[in-house]
1. Test of understanding: among PRO171, PRO167, PRO203, PRO178, which residue is modelled with pLDDT under 95 and outside any helix (DSSP H, G or I)?
2. Surrounded by fewer than 23 Cβ atoms within 10 Å (Cβ to Cβ) and without any contact (Cβ under 8 Å) to a residue 12 or more places away in the chain, is that true of GLN356?
3. Name, by its number, the condition in (1) open to solvent by 10 Å² or more (accessible area, probe 1.4 Å); (2) farther than 25 Å from PHE202 by Cα that does not hold for LEU303.
4. Hey, could you check region 199-220 for residues that are closer than 12 Å to ILE257 by Cα and of a type outside the set (A, V, I, L, M) and say which is most open to solvent (accessible area, probe 1.4 Å)?
5. Among the residues of region 24-54, how many are touching a Phe, Trp or Tyr at 6+ places or on another chain (Cβ under 8 Å) and either buried (at least 18 other Cβ atoms within 10 Å of the Cβ) or free of Cβ contacts under 8 Å to residues at least 24 places away in the same chain (or both)?
6. Out of all the residues in region 254-269, which are open to solvent by 10 Å² or more (accessible area, probe 1.4 Å) and either without any contact (Cβ under 8 Å) to a residue 40 or more places away in the chain or among the polar types (S, T, N, Q) (or both)?
7. So, in region 407-417, of the ones that are open to solvent by less than 80 Å² (accessible area, probe 1.4 Å) and in contact (Cβ under 8 Å) with a residue 24 or more places away in the chain, which residue ends up farthest from TYR349 (Cα to Cα)?
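The values are calculated or read from the model by the stated rules, or taken from the named source; none is laboratory data. What you are looking at is a predicted structure, and each value in this text was computed from that prediction instead of being measured. No Cβ is skipped: glycine too gets one built from the backbone with ideal geometry, and neighbour counts run over all protein chains shown. Surface accessibility is based on the protein's heavy atoms, side chains included, excluding ligands, DNA and RNA. Shrake-Rupley method; radii C 1.70, N 1.55, O 1.52, S 1.80 Å.
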Amino acid sequence: MTIIYWFRRDRRLSDNPALTKAVALASQTSSALLPVTLKDDNPVTPWGFTRFGCHRLAFEAQSLAGLQKALQGLGSDLYQPSISGVSGLIDLAKRMDATLIVCEAIHAPEESDEINLLKDAGLEVISVEQSALLPGESLPFEINQTPIVFSDFRRLVEKAKCRPRTPLDSPSKLPAPPEFTGDLRPYAGAIDLPALDARSAFPYQADGWHADQNAAQAHLTRYFSSNLPQRYKQTRNGLIGTDYSTKFSPWLAVGAISAAQIWQALQTHEATHGSNESTYWIWFELLWRDHFQLMMQRFPTELFARSGLVKHPIQSRSPNTQGFKRWCSGNTGNAFIDAAMRELAATGYLSNRMRQNVASFLIHDLHGDWLAGAAWFEHCLIDFDVRSNQGNWAYIAGVGTDPRGGRRFNPQKQAHDYDRNAAYQQLWSMP
């Protein structure tokens, strides 16, 4: 017998409840365990660019290579069907005579459709909730009653004293993969790394910043052993360098680290160094991530519609196609905005402050399509997460969870407040 474990956005061995469950099931039934990853297509979006840009492709491949090395260290390996997408997984299960697939649960439309396709093919699927900081069963409300406004959500979970689960250790060994009689081969994805830009705030091409679990855990230790958490709230709106924010989002996006592991390290840091408003703000940001996940689970269709969560129809307008192209290439004529778009293109990363600014500029100054902006971020960002991405863009556009109906950032005021000496603009004056 063979149990297939499908790695999705959980590319780690430690604190992986779904993998732990698969290992236990395989051991109990004397089954082989086959770890797989699926080959993604890279379709062209309605706006003329592919869903995966060069940086995102490289970061994804880097994370899979790290996962494969970790699996090999436990006597297993990572395999990839030659057929892309879920079709490859269905074909593989049939050829291996496997009827059970274990994976993490991802509550987003395409990801949910994938599970339904597997079940429609007659396969049993066990999907485990493990991405969020707070377990679903600990929440003081039903999913369909999740407060739409973040501050209301935060107050409820803090009043209920909701806490993350205790992170799990890595398995000490893995059940052996099956003996293959077909053409399935170990994962052999090529890592085509773009050249490192020395200005990058997340230099994933450099040692210590790779997309794998080892680098994520090393950064976790490095960050919480320093005094950076003690002043996080004061530095989080920075624009230059690797230390102004926690930088956990790329590893969270591919699942090289879990939110529960970050929380545990934060607790240890506070026990040693004390807690303050800055350390609280790290918890606060993790709660934002949870809220966006719950919003996607509650409104899976609405967050991909131009009208978002707004009840009344949105007045249609002709998209500013040329403005969108200038925005993507960093040629809008606004030095502050253009600097950010050049950083995004050159590195695949952008500070949260500048993400809000460039989103606002596209929507409110260029009168562009927020869905197009969200798609461009999906193309570019190494830390792309569909739930946070759609949620944040809808928020800025005024069709999401913002109780004030959207945010317009004044780029001149923002440049004065956060780049007063124009150091950021000068740094990214050239692509």
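1. On the way: PRO171 fails: modelled with pLDDT under 95; PRO167 fails: modelled with pLDDT under 95; PRO203 fails: modelled with pLDDT under 95.
Only one candidate passes the filter, namely PRO178.
2. No.
3. (1)
4. ASN214
5. Count: 7.
6. First, pick out the residues of region 254-269 that are open to solvent by 10 Å² or more (accessible area, probe 1.4 Å): 261, 263-265, 267-268.
GLN261, GLN264, GLN267, THR268, listed by residue number.
7. Among residues in region 407-417 that are open to solvent by less than 80 Å² (accessible area, probe 1.4 Å) and in contact (Cβ under 8 Å) with a residue 24 or more places away in the chain, the one farthest from TYR349 (Cα to Cα) is ARG407.
Each row is one residue, and each column tells you yes or no for (1) among the small types (Gly, Ala, Ser); (2) within 19 Å of SER318 (Cβ to Cβ).
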| residue | (1), (2) |
| --- | --- |
| ARG353 | no, no |
| VAL358 | no, no |
| LEU362 | no, yes |
| CYS380 | no, no |
| ASP383 | no, no |
| SER388 | yes, no |
| TYR395 | no, no |
| GLY406 | yes, no |
